[in-house]
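*Asks:* First, the structure itself, so that you have it in front of you.
The values are calculated or read from the model by the stated rules, or taken from the named source; none is laboratory data. If you're wondering where the values come from, they're calculated on a predicted model, not measured in any experiment. Every residue, glycine as well, gets a Cβ built from its backbone with ideal geometry; the counts of neighbours run over all protein chains shown.
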Amino acid sequence: MLLVELFWAGGAVMFPLLAFSIVAIALIVERMVFWVRVNRRQKKVVRDVLRTYAHNFDATLLKLKQNVDLPVARIFLEALEVNHFPPHAFRLTLEGATQAELPILRRFNTVFDTIVTLSPLLGLLGTVTGLIRSFASLNLGSVGSDSALQVTGGISEALVSTAAGLLVAVFTLLFSNVFRGFYRRQVAAIQEYSSQLEVLHLSNHEGFEGFKSLATMDS
C-alpha cells in the first residue's frame with residue numbers, strides 16, 4: 001500500500017515514469033539474456049571454428065550455422081561465403097559483416113539514453129508542478145486544516161516525483177553502462193577473432209597459389 005500511496009502522491013508525472021521503468025526493465029532483461037548467451041558460448045565456438053577451418057571447411061560451416069545466433073558466427077559465415085576470394089576481398093567482407101553487426105550489439109542504447117535523460121526532467125517537472133500547487137493553496141489569512149493539507153500534498157508531489165525520476169534514471173544508467181562495457185569488449189574480441197581467421201585464410205590462399213605455381217612449373 002505504501003508504494004501505491006507514494007505513486008499517487010507523485011502526481012501526473014508518475015505515469016510516464018512508470019512507463020519508462022517498465023520499458024527499461026524489459027529491455028534490460030532482453031540485453032542481459034543476449035550478453036549472457038554471447039559471453040558463455042562465443043569463445044568455445046570461435047576456438048572450434050578456427051581449429052577446424054584449415055582442414056575441414058564443411059565442419060566449420062556446420063558449426064557456424066549451429067550457432068548463428070552469435071554475432072561472430074554470422075560474421076564468419078558471411079566471410080566464408082567468399083572463401084575463394086583473394087585475401088584483400090576476404091578482409092573487406094569481414095569488415096563489412098562486422099559493421100553490419102554493430103547496430104545489433106548497440107541495440108536499445110538510444111532508448112536507454114532517452115530514459116536516463118528524460119526521467120530526471122520529468123521528476124523536475126513534478127517538483128515544479130507540486131510547488132506551484134503548494135503556493136496556489138497557500139492562504140496566509142487562513143489557518144484551516146484544508147489549506148494545510150493542500151500545501152503538504154503539493155510538497156509531497158514535488159519530493160516524490162523528484163525521487164522517482166532520479167531512481168529510474170540511476171537504475172537505467174547503471175545497466176546501460178554495463179552494456180556499453182560488454183559492447184566495447186565484444187568489438188575488441190570480434191577484431192581479434194577476425195584477424196585470426198584472416199591469417200588462416202591468407203595461409204590457405206598462399207598455399208593454394210603456391211601449389212598452382214608448382215604445377216605450372218612442372219608442366
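*Asks:* Return the residue satisfying two criteria in turn: it lies in region 38-58 and is out of contact with any helix residue (DSSP H, G or I) (no Cβ under 7 Å at 6 or more places or on another chain) and among the polar types (S, T, N, Q), and of such residues it is farthest from A100 (Cα to Cα).
*Replies:* N56
*Asks:* Further, regarding this structure: So N39 clears everything in (1) outside any loop (DSSP other than H, G, I, E, B); (2) under 15 Å from L200 (Cβ atoms) except one condition, right? Which one?
*Replies:* Checking N39 against (1) outside any loop (DSSP other than H, G, I, E, B); (2) under 15 Å from L200 (Cβ atoms), the one that fails is (2).
*Asks:* Specify the residue that is farthest from L202 (Cα to Cα); the eligible residues are those in region 65-94 that are outside any helix (DSSP H, G or I) and over 24 Å from the mean Cα position of the chain (by Cα).
*Replies:* Our first condition is that a residue be outside any helix (DSSP H, G or I); within region 65-94, this holds for 67-70, 81-86.
Remaining after also requiring over 24 Å from the mean Cα position of the chain (by Cα): 81-86.
On the way: E81: 15, V82: 13, N83: 10, H84: 11, F85: 10, P86: 8 Å.
Among residues in region 65-94 that are outside any helix (DSSP H, G or I) and over 24 Å from the mean Cα position of the chain (by Cα), the one farthest from L202 (Cα to Cα) is E81.
*Asks:* Now for a separate question. Tell me yes or no: at least one residue of region 124-135 is surrounded by fewer than 13 Cβ atoms within 10 Å (Cβ to Cβ) and at pLDDT 95 or above.
*Replies:* no
*Asks:* Further question: Kindly provide the set of residues from region 59-69 that are surrounded by fewer than 19 Cβ atoms within 10 Å (Cβ to Cβ) and either in contact (Cβ under 8 Å) with a residue 24 or more places away in the chain or touching a helix residue (DSSP H, G or I) at 6+ places or on another chain (Cβ under 9 Å) (or both), ordered by number.
*Replies:* Residues of region 59-69 that are surrounded by fewer than 19 Cβ atoms within 10 Å (Cβ to Cβ), as a first pass: 59, 61-62, 65-66, 68-69.
Passing the criteria: A59, L61, K65, Q66, V68, D69.
*Asks:* If you don't mind, another one. Yes or no: L27 touching a Lys or Arg at 6+ places or on another chain (Cβ under 9 Å), buried (at least 19 other Cβ atoms within 10 Å of the Cβ) and either aliphatic (A, V, I, L, M) or without any contact (Cβ under 8 Å) to a residue 24 or more places away in the chain (or both)?
*Replies:* Details: touching a Lys or Arg at 6+ places or on another chain (Cβ under 9 Å): yes; buried (at least 19 other Cβ atoms within 10 Å of the Cβ): yes; either aliphatic (A, V, I, L, M) or without any contact (Cβ under 8 Å) to a residue 24 or more places away in the chain (or both): yes.
The answer is yes for L27.
*Asks:* Moving to a separate point now. Taking interchain pairs and intrachain pairs at least six residues apart, which have beta carbon atoms under 7 angstrom, with the first residue in region 169-184 and in contact (Cβ under 8 Å) with a residue 12 or more places away in the chain and the second β-branched (V, I, T)?
*Replies:* The qualifying pairs are A169/V116; T172/I115; T172/V116; L173/V116; F175/I28; S176/V116.
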